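The values are calculated or read from the model by the stated rules, or taken from the named source; none is laboratory data. Treat the numbers as computed from the prediction; the structure is a model and nothing was measured. For neighbour counting, all protein chains shown are included, and Cβ atoms are generated from backbone atoms with ideal geometry for every residue, glycine included. Just so you know, the surface numbers come from the protein's heavy atoms only, side chains and all, with ligands and any DNA or RNA stripped out. Shrake-Rupley method; radii C 1.70, N 1.55, O 1.52, S 1.80 Å.
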Amino acid sequence: MKHLVIAMVAIFTICAPRAFGHDQDIAKLNRFMQNKGNTASMQIFREGRDFIEAQNWQKAAEKFNDFITGYPKDKDLDAALYWYGYALQKQNRTDDAAVPLLRLINRFPNSSWRNDAQALLVVMGRKADVEQALERDNCEIKMLALQSLFQADQDRAIAIATEALRANPTQCPGFPAAAVSMLGSQGGARAVPLLLDIARSNPDVKLRLTAIKRLGEQHSDQITDELIKLYDTDRNRDVRVQVLRALVESRTPRGSAKVLEIARSSDDVGTRLYAIRYVGELKDAASLDELLRIYDAEKTNEIRYQILRSLAERDDARARAKLLEIAKLGDSPELRIEAIRRLGDHGKIALDDLLQLYNSETNVQIKIGLLRTFGENNDPRARAKLLEIAHGADSAQLRAYAIRQLGQKDDEQTVDQLVSMYDSEKDQQLRAFLIRAFGDSKQKSAVHKLMTIAKNDPSIELRKLAVRYLGDSKDPEALKFLEELLK
């Protein structure tokens, strides 16, 4: 294949000077334009063609760039990329020209403009880029050929993949990983010894990870034992984490038991975090029991946070009950807030419990965590609670935080309620929070309220704040209002 690449590059080099005569190029471009429709994109393309014909290279480049940016999914994008590169090359902007030409080669391997792009790159002195693109094509063809061979003759495919991995080819970087993956997915028991050998000792860590992943998919007790040995003897963090994943994927009792052991007692916190995460994915009663036991015995917050995340990912009443228990009685405000946030992930199911918790809670930090959760919940009851707090007798800090959460919702009903709240509110600091909520809103009622405040509010500071948010809004009506203020 390498000889073919060199030959093709030589052909491009010999033929290129003639291929890029201006008359021949225009003739080819005009042939391409025949029978094209009158779409908006093609109108831009025609204007680019006219500038090419007039040898106005800068304008031509601008037009074809307009086409590329304005119509990135157009069926003629490959042609626009070529002529954009062509126009840039005519301005001696070779580095800039190479970008669209290489994009064409890499993204559109079957384009009729691909050979022209390769030839133009050679003319520009970018022969190495052309060789690389051709070699990449060759690698992709090799991978497809191996895939087809696995379907037609598995024994021959295994033999060829094995030989290719032993030869350690460097000219096709993606081929070894593809071969390992195909051996694992289609080679069956015959491929296991080779996969184990790669998993244990191959110098390429990425190949080891691929082999481990495929071994986990075999669902075999014998392979599980080999993976456990690998975990116990290997100190590479990436390899250990991949082994954990493979043990979970194996769905064997010994594999699950090993992951649980690591989750309980590994001296490496990072590895324990992964093990707990994978235990959470088992989704059975035994693994939930284990997570609850680990949480109760654990003192490291990092581990506890991961268990809370795993509990939140389970659609399980016992998991929610544990989260609620921690939200109410956790060892620290930070753990309680994390449990509240994770309960919020359960949406409407946990909302009644969170609303009751807010009413009974006295810690302001915890209450703010609950308000944040209400703000992230789309249930009407959560919004009603925020409005109650914003209006009510809680501290100014909590009222301000509720207003902030309501402002982020930015629906018409909520904004209208905040607008009506402004007129009855006496606290200037809370009025300022309401103005910020109006400034962040896209609703017209918010813009109109800011205009009213800017014009009539008794507080000069609040008027100035409203003017600032009107300017930030970029709303045409707001900008017109600001112009009127200047008169």
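Got the relative contact order for region 335-416 handy, in percent, Cα pairs under 8 Å and 6 or more residues apart?
25
What does the net charge come to around ARG404 if you take all other residues with beta carbon closer than 11 Å to its beta carbon, with K and R at +1 and D and E at -1? Walk me through the numbers on the way to the answer.
Working: positive: ARG372, ARG399, LYS409, ARG436; negative: ASP440.
Charge balance in the 11 Å sphere: +3.
What is the distance in Å between the Cα centroid of region 145-161 and that of region 47-107?
Cα centres, region 145-161 to region 47-107: 42 Å.
Restricting to Cα atoms and excluding each atom paired with itself, what does the Kirkwood estimate give for region 32-71 in Å? Show your work: numbers first, answer last.
Working: mean 1/r = 0.0991 Å⁻¹.
With all distinct Cα pairs of region 32-71 included, I get 10.1 Å.
Could you size up the charge dipole of region 249-330 around its Cα centre, putting +1 on the beta carbon of Lys and Arg and -1 on that of Asp and Glu, and report it in debye to the nearest 20?
On the way: 16 positive and 15 negative charges, 25 e Å.
Using Cβ point charges on Lys, Arg, Asp and Glu, region 249-330 gives about 120 debye.
Calculate, for region 322-468, the solvent-accessible area per residue in square angstrom, rolling a 1.4 angstrom probe over the heavy atoms of the protein chains.
In whole numbers, region 322-468 has 48 Å² accessible per residue.
Would you mind telling me the share, in percent, of accessible area of the chain contributed by carbon and sulfur at probe 1.4 angstrom?
Answer for the chain is 49 percent, counting heavy atoms of protein chains only.
For region 305-461, what relative contact order do you get, as a whole percent, if you take Cα pairs closer than 8 Å and at least 6 residues apart?
14
Which Cα, out of LEU282, THR233, GLY216, lies furthest along the positive dipole direction of region 212-287 (beta carbon charges, K/R +1, D/E -1)?
LEU282
What number does region 209-359 give for Rg over Rh if you use C-alpha atoms and the Kirkwood radius?
When Rh is taken as the Kirkwood radius, the ratio is 1.04.
Nearest 20 debye, what's the magnitude of the dipole of region 319-362 about its Cα centre given +1 on Lys and Arg Cβ and -1 on Asp and Glu Cβ?
My answer is approximately 140 debye.
What is the spread of the Cα atoms of region 243-293 along each of their three principal axes, largest first, in whole Å?
24, 24, 15
Rg/Rh for the chain to two decimals, with Rh computed the Kirkwood way over all alpha-carbon pairs. Could the numbers behind the result be given before it?
Working: Rg = 32.7 Å, Rh = 29.2 Å.
Rg/Rh: 1.12.
Which of the listed residues, LEU292, ALA60, ASN115, is farthest toward the dipole's positive end in the chain, when Lys, Arg count +1 and Asp, Glu count -1 at the beta-carbon?
It is ALA60, whose Cα lies furthest towards the positive end.
Could you name the lysines in cross-link range of LYS464, using Cα to Cα under 16 Å and dropping any fewer than eight places away on the same chain?
Once the sequence-local lysines are set aside, what remains near LYS464 is LYS449, LYS455.
Over region 59-131, with the other protein chains present, what is the accessible area per residue in square angstrom, probe 1.4 angstrom?
Per-residue accessible area for region 59-131 comes out at 45 Å².
I need the fraction of alpha carbon pairs in region 46-128 separated by more than 23 Å, rounded to a whole percent.
Everything past 23 Å amounts to 12 percent.
Using the alpha-carbon centroid of each, what span in Å lies between region 463-487 and region 221-278?
Spelled out, the Cα-based centre of one part sits 61 Å from the other.
To the nearest 20 debye, what is the magnitude of the charge dipole of region 178-219 about its Cα centre, counting +1 on the Cβ of each Lys and Arg and -1 on the Cβ of each Asp and Glu?
40
First obtain the Kirkwood hydrodynamic radius of region 138-254 from its Cα pairs, then insert it into the Stokes-Einstein equation at 10 °C and 1.306 mPa s, and state the resulting D in µm² per second as a whole number.
111
What relative contact order, as a whole-number percentage, does the chain give when Cα pairs under 8 Å and 6 or more residues apart are counted?
For the chain, the relative contact order is 5 percent.
Once R0 is set to 22 Å, what does the formula 1/(1 + (r/R0)^6) return for the Cβ-Cβ distance between THR39 and THR69, expressed as a FRET efficiency to the nearest 0.05?
Efficiency at R0 = 22 Å is approximately 0.85.
Would you list which lysines come within 26 Å of LYS142, measuring only between C-alpha atoms, while excluding same-chain residues fewer than 8 positions from it?
Candidates past the 8-residue exclusion: LYS2, LYS127, LYS206, LYS213.
Once you have the Cα-Cα distance between ASP232 and ASP197, take 0.36 nm times their residue separation minus that, and quote the gain in nm to one decimal.
11.0 nm
Within region 365-408, what residues put their amide N at less than 20 Å from the label point 7 Å along the Cα-to-Cβ vector of GLN428?
Of the residues in region 365-408, 396-401 have backbone N under 20 Å from the label point off GLN428.
For ASN106 and ARG190, FRET efficiency with R0 = 30 Å and r from the beta-carbon atoms, rounded to 0.05?
Once the sixth-power term is evaluated, E becomes 0.25.
Cβ under 13 Å from SER112's Cβ, SER112 left aside: what net charge do those residues give with Lys, Arg +1 and Asp, Glu -1?
The answer is +1.
Using a 1.4 Å probe, what is the accessible area per residue for region 151-240, in Å²?
53
Output the DSSP H helices from the chain with an along-axis C-alpha extent of no less than 24 Å and a mean Kyte-Doolittle hydropathy no less than -0.5. Show your work: numbers first, answer last.
Details: long enough: 2-19 (25 Å, 1.46); 127-152 (37 Å, -0.24).
Helices meeting the criterion: 2-19, 127-152.
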